[in-house]
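We did not get these values from a lab; they are worked out from the coordinates using the rules stated. Keep in mind it's a predicted model, so treat the numbers as computed, not measured. Positions of Cβ are generated from backbone atoms using ideal geometry, with glycine treated the same way; all protein chains shown enter the neighbour counts.
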Amino acid sequence: MREGINEVIATTAMNAAPVGVIARAGTLQAALYLTSHTAELVERDRWLVANLTHDPVLYVQTAFSDPAPEAFLQFTAGGISMCRLADAEAWAAFSVEVVRKAGATLLVNLIPIAEEICDLQVYPVNRGFSSVIEATVHATRYCVTRDPWLKQLIDHHHAIVRRCGGPRELEAMDLLTREISSRLSGQ
Ligand SMILES: Cc1cc2nc3c(=O)[nH]c(=O)nc-3n(C[C@H](O)[C@H](O)[C@H](O)COP(=O)(O)O)c2cc1C
């Protein structure tokens, strides 16, 4: 993890969701919405795995639903049975200390236990990839609040993905568009 907020895909017990790991002044923390399964499972089991990937489709998929069971790999670290994404390019396993429940969030400290780099590749900066991540953040809120400003931001990022993204970014945006419309129509 590097200083700042690291947008990872967090796995908890057979659950996956994008989460920001906040690295500041030597500490690692996560602020989890209490309405999420991730917060519920982290509070219950006290572990979390941060999965690193450059696959934009995985960010969209896991923001709205959980991958199939075969997408997870079980392992043991620090005597704790955990799971990670089978396709993660790298992962870091943490035990969890609850700091506080404040308002709508659960703030936790993440204590590193184990980590692995599985697949080392170099990725040129791609604005399409970044825009998929931005659009997905806005979409998770838009589906709850239906704030028209968020829809404008999603459309703005969609235009960047069309201009700068590759096939995987375009597939991710198509999936995002389908997820938004099925949620807005209540399906
Ligand atoms: C890039 C990105 C970062 C996110 N960061 C967080 C976060 O730090 N904390 C959080 O509670 N939700 C975060 N979310 C929203 C959750 O991923 C989303 O609410 C998800 O549906 C939770 O799934 P779950 O119920 O399976 O835990 C983020 C979403 C995206 C796309």
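How tilted is helix 127-145 with respect to the longest principal axis of the chain? Cα atoms for both, answer in degrees (0 to 90, nearest 10).
Result, in degrees: 90.
Return the calculated 222 nm mean residue ellipticity for the chain, to the nearest 500 deg cm²/dmol, obtained by summing -39500 (n - 2.57) across DSSP H runs with n ≥ 4 and dividing by the residue count. Show your work: numbers first, answer last.
Working: 5 runs with 72 residues, N = 187.
My calculation for the chain gives -12500 deg cm²/dmol from helical runs alone.
Treating the angle as unsigned and between 0 and 90°, give the value, to the nearest 10°, between the Cα long axis of helix 148-164 and the longest Cα principal axis of the chain.
Approximately 90 degrees, to the nearest 10.
Which of the peptides 129-140, 69-80, 174-185, 38-49 is most tightly packed, and how do the rest follow, judged by the mean count of other Cβ atoms within 10 Å per residue?
Numbers: 129-140: 21.8, 69-80: 13.1, 174-185: 15.1, 38-49: 19.6.
The most tightly packed comes first, giving 129-140, 38-49, 174-185, 69-80.
Count the net charge of all other residues whose Cβ sits under 9 Å from the Cβ of Ile160, scoring Lys and Arg as +1 and Asp and Glu as -1.
Net local charge, Ile160 excluded: +2.
Just subtract the alpha-carbon distance of Tyr33 and Ala104 from 0.36 nm times their residue separation and send over the number in nm, one decimal. Please report the intermediate quantities before stating the final value.
Details: separation 71, 0.36 × 71 = 25.56 nm, distance 0.58 nm.
Gain on extension, Tyr33 to Ala104, equals 25.0 nm.
For the chain, what is the charge dipole size about the Cα centre, in debye to the nearest 20, if Lys and Arg each add +1 at the Cβ and Asp and Glu each add -1 at the Cβ?
Result for the chain is approximately 620 debye, rounded to the nearest 20.
Would you tally the net charge around Ile80, using a Cβ to Cβ cut-off of less than 11 Å, leaving Ile80 out, and scoring K and R as +1, D and E as -1?
Values: positive: Arg46; negative: Asp45.
Charge balance in the 11 Å sphere: 0.
Does anyone have the angle between helix 167-184 and the longest principal axis of the chain? Alpha-carbon axes, 0 to 90°, nearest 10?
90 degrees
Local charge sum around Gln121 (other residues, Cβ-Cβ under 12 Å, Lys/Arg +1, Asp/Glu -1)? Could the numbers behind the result be given before it?
On the way: positive: none; negative: Asp55, Glu89, Asp119.
Local charge sum for Gln121: -3.
Where does each of 52-58, 22-28 land if you order them by average Cβ count within 10 Å, highest first?
Values: 52-58: 19.1, 22-28: 11.9.
The peptides rank, most packed first, as 52-58, 22-28.
Assign one of three labels to region 82-153, namely rounded, prolate or oblate, based on the Cα gyration tensor with a ≥ b ≥ c the square roots of its eigenvalues; rounded applies when a/c is under 1.5, prolate when it is not and a/b is larger than b/c, and oblate otherwise.
The shape class here is oblate.
Kindly put Tyr123, Tyr33, Tyr59 in sequence by how many other C-beta atoms sit within 10 Å of each C-beta, fewest to most. Present the calculation step by step, with values, prior to reporting the outcome.
Numbers: Tyr123 8, Tyr33 15, Tyr59 24.
In order of increasing Cβ crowding within 10 Å: Tyr123, Tyr33, Tyr59.
Which of the peptides 164-171, 115-122 is most tightly packed, and how do the rest follow, judged by the mean count of other Cβ atoms within 10 Å per residue?
Working: 164-171: 16.0, 115-122: 10.0.
Descending mean neighbour count gives 164-171, 115-122.
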